[in-house]
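**Student:** This is the structure, below, for whatever I ask next.
Any read-out appearing in this document is the output of simple, stated calculations on the displayed coordinates, not a laboratory observation. Model, not experiment: these values are computed from the prediction. Please note: Cβ atoms are built from the backbone with ideal geometry, for glycine as well, and neighbour counts cover all protein chains shown.
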Amino acid sequence: MSLGLISRFLRKISLFAVVCVSFSFYGCGYNTIQVQDENVKAAWSEVLNQYQRRTDLIPNLVNTVKGYAAQEKEVLTEVTKARASVGSVQATPEVLNNPELFKKFTQAQGQMTSALSRLMVVVEKYPELKSNQNFLDLQAQLEGTENRITVSRNRYIQAVQEYNVTVRTFPNVITAKMFGYSPKPNFTVENEKEISKPPQVQF
């Protein structure tokens with residue numbers, strides 16, 4: 001066998017090996033990464049839905065409290081500003097690929113939680129407000145929403161942890177880089193504490 005034939009044979013063998021390795025990575029990691037990526041997106045979508053539900057309750061809640069405690073301008077203004085801050089952050093699926101935007105989102109939601117907590121402290125001073133049917137309905141809706149936020153956030157945390165472990169470990173890390181998958185931001189200990197304390201809405 002001539003050197004030329006040997007050289008061509010070795011090149012074919014090398015190419016075949018590269019193709020086999022590529023398909024091996026594809027088969028053992030790509031599908032898993034793709035499924036987990038979709039799970040993260042679905043979990044994040046639910047987080048956004050529940051936070052939006054809470055945001056939508058704010059105007060009626062503020063107006064109801066204002067009817068009985070108009071003099072509490074400071075805390076009412078704080079809640080309104082916090083809602084505006086939440087609305088200023090573009091809460092889209094793209095947030096998952098932007099750690100800085102994710103941080104801004106969690107900070108804004110933390111401010112909203114803190115403002116609502118202070119509002120509920122103010123409510124304690126107004127017995128007539130606490131017995132108002134409209135307020136009681138809003139209270140029940142807010143409580144349910146806060147519970148759903150906690151559940152959806154925990155599901156997101158778990159989904160991201162599973163995804164990040166997958167894309168950071170061998171051989172999936174190679175597949176992830178080949179197809180443009182990277183680790184996603186998660187709630188840190190600091191902002192998790194900040195936004196995981198729901199306002200006290202029970203009386």
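**Student:** Structure shown: which of Lys66/Lys130; Lys66/Lys104; Lys41/Lys177; Lys104/Lys177; Lys73/Lys125; Lys41/Lys103 lie over 22 Å apart, alpha-carbon to alpha-carbon?
**Tutor:** Among Lys66/Lys130; Lys66/Lys104; Lys41/Lys177; Lys104/Lys177; Lys73/Lys125; Lys41/Lys103, the Cα-Cα distance tops 22 Å for Lys66/Lys104; Lys104/Lys177.
**Student:** Let me ask something else. Could you work out the local net charge near Ala82, counting Lys and Arg as +1, Asp and Glu as -1, over the other residues with Cβ closer than 12 Å to its Cβ?
**Tutor:** Value of the local net charge: +3.
**Student:** Highest first, please rank the peptides 100-113, 61-74 by the mean number of other Cβ atoms sitting within 10 Å of their residues.
**Tutor:** Final packing ranking: 100-113, 61-74.
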